Structure formats: structure tokens, C-alpha cells
Amino acid sequence: MIVERILAHRLPHNAPIVSGSRAPATRPGCALPKAKIPPLDGLLIEVGGVVYDDTCWWRWLAQVLSHAGIHTRYDTLLEDWEAEFLRHADSDDAAFWRALRCCLAQLGLAQGFCDEIQAAATAQRKTWEASLHAFPGISCALEGLARRCTAVVAVADCACLGPQLTARLRSLFLSAPFQAMVSAGDSRQSLADPAFYGQLLAGLKLDHESMALVSHKERHLAAASAAGLATIAVGCSKDVRADMHFDRLASVVAPLRGVRAPRVAA
């Protein structure tokens, strides 16, 4: 039974990221900016991949699929999911699993295999959610950014809706530095849609010319740039277009000292 192979090859939540997984592509420290970044009043921080690792479950799923005869890299699987299926998974858990089954069927899996994989994947996803942890140094980095910016906003794509995003950050004791926590899925949009950023900033009464998106995803950085925001890439290849590149979020704090003076406590 394929489910037996699935259960026998679960990837531990804290397993090291292997070749093909997202890992910092830059050298330690921060690189020189590709372009002069404007004075910043605030940051939109995409939490997945910047604050915590959101790839573990997808890496596990890619391993499971390999035992079912579907050989694909986890990052390719995730890119296909985001491009073709994510927009159908933005209402609730049931919609997520329906969209995932469509994704699995398109890969060539029979319905019976889809049933067994979904059963194992549901349990594994709950385990991953319960054992989620932030990258090292994130708490201090967020506190430093909150002291230097008028607004620090957590954003997530539609795979993580607003209540889930809030619950995740609270469980990690990381909600306090954020002025707001917003999922693109709550407005049935995507972080790859430039219109999302204009609507978000208008709702928060923030000026896009003094805001930047911090992300590790090329499509999201490109959309934010198209919307007029500055872009800060974290853990990305230097081939990804962004105004500034850093290896991790903690490296963003020091350069912002010269961008905007720290707020003075009342």
C-alpha cells in the first residue's frame, strides 16, 4: 500500500534543508543595494520563508510523490501549485484539499492514490503546523525593525488565511512587533498581484512610496515593485531582481538605521 510507504518516509519537521530546498543564496552579511532605496517608513514582511520555514510540508509531499512514481522537486511542485491551483484554495481547508487533489490528479495520480496521499498529508500538515518554529534571531530582528519603522506588517499569500496567520504568529510569540497581519486570501487576491499592495496600503493609510516588501519569492517581489514599493529580497539568488539583497531578516535591521531614524519613545 502506498500509504504504508508514505508513513514510513515522513520527513521530520526539523530535518535539514537538502539540495533543491530554499536556502540562503547570498554570502553572510548584506550585499550592496542594486539601486538606491528610498527612505522607508515601513515594511511588509512576507512571513513564509522569511520569518519561518514554510517548505517542510511541501518537501515531505515531494518525497511521498516520488514513492508513488511521480518524481518532482519540491520547489517545482510548489511553483506549479502557486501558479495554477493556489487561487482555488483560498477560502477554507476544504477548498485547499480540493485544489490539492486537482494538483495531484494533474500529476497523473489515480483517485485511490490521491485518497491515500490526502489522508497521510492531512495528518502530516497538522503535525507540521503544531511544530512550526521561527528562524533563529527572528524575534530580535522584528523588534529592531519595529523600533525603526512606523509600520511593520505581516503578509501571507492565500494558502494562509488571516485567522491562521494570526494564530501562527501568536503561537510563535511574534505577533507584537506587527501593526497588522494580513493574508491576500482574505480579499481573494495573491501576493503576485500588484493590485493587492495598493489596496492593502490604502486600507492601512500607508504611502507606497515609503514602503518596502521583504520576501524570498521572485514573483511577489516583482509584483510589489510594479505597485511602486521598494523591494528587499531575503535568502534569494542574486539573479532575483530587488532593490536590496540580504541573507536573512536580521541583516536588514542595521541598514535601516541610515534610512529612517528610530522612533523616540514618548
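The values are calculated or read from the model by the stated rules, or taken from the named source; none is laboratory data. As the structure is a computational prediction, the values presented were derived from the model and not from experiment. When we count neighbours, we look across all protein chains shown, and the Cβ atoms used for this are built from the backbone with ideal geometry, even at glycine. What goes into the accessible areas is simple: the full protein's heavy atoms, side chains included, and nothing from ligands, DNA or RNA. Shrake-Rupley method; radii C 1.70, N 1.55, O 1.52, S 1.80 Å.
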Problem - Reachable aspartates and glutamates from K205, criterion Cα separation under 13 angstrom, eight or more residues apart if same chain - result: D41
Practice task
With the Cα gyration tensor of segment 141-238 in hand, give its eigenvalues times 5 under a square root as the equivalent ellipsoid semi-axes, listed largest first in whole angstrom.
Solution key: 19, 16, 14
Completion exercise
Once both label points are put 7 Å beyond Cα along the C-beta direction, the A95-A195 separation in nm becomes 1.6
Completion exercise
Heads up, segment 154-210 by the C-alpha gyration tensor (a ≥ b ≥ c square roots of eigenvalues; a/c under 1.5 rounded, else a/b over b/c prolate, else oblate) looks oblate
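Which of rounded, prolate, oblate describes segment 93-167, given a ≥ b ≥ c as roots of the alpha-carbon gyration tensor eigenvalues and a/c under 1.5 marking rounded, otherwise prolate only if a/b is larger than b/c?
Details: a/c = 3.51, a/b = 2.52, b/c = 1.39.
Cα axes put segment 93-167 in the prolate bin.
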Exercise for the section: Report, by chain and number, residues whose modeled amide H sits under 5 Å from the one on A134, excluding near sequence neighbours (fewer than 5 apart, same chain). Expected result: none
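With a 1.4 Å probe and all protein chains kept in place, how do K217, K205, K126, K238 rank by accessible area, largest first? Write out the running numbers ahead of the final one.
Details: K217 35, K205 175, K126 140, K238 90 Å².
Of K217, K205, K126, K238, the descending order of accessible area is K205, K126, K238, K217.
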Handout entry: Shape of segment 215-258, Cα gyration tensor, a/c cut at 1.5
Key = oblate
Practice task
Might you work out the accessible area of C102 for me, using a 1.4 Å probe with all protein chains in place, and round it to the nearest 10 Å²?
Solution key: 80
Problem - Vicinal HN-Hα couplings computed from phi for segment 58-66 (Karplus, 6.51 cos²θ - 1.76 cosθ + 1.60; Hz; Gly/Pro x) - result: 5, 5, 4, 4, 4, 5, 4, 4, 5
Completion exercise
Calc'd 3J(HN,Hα), segment 210-221, phi into Karplus 6.51 cos²θ - 1.76 cosθ + 1.60 (θ = phi - 60°), Hz, glycine/Pro = x, comes to 10, 10, 9, 9, 9, 7, 10, 10, 4, 5, 6, 5
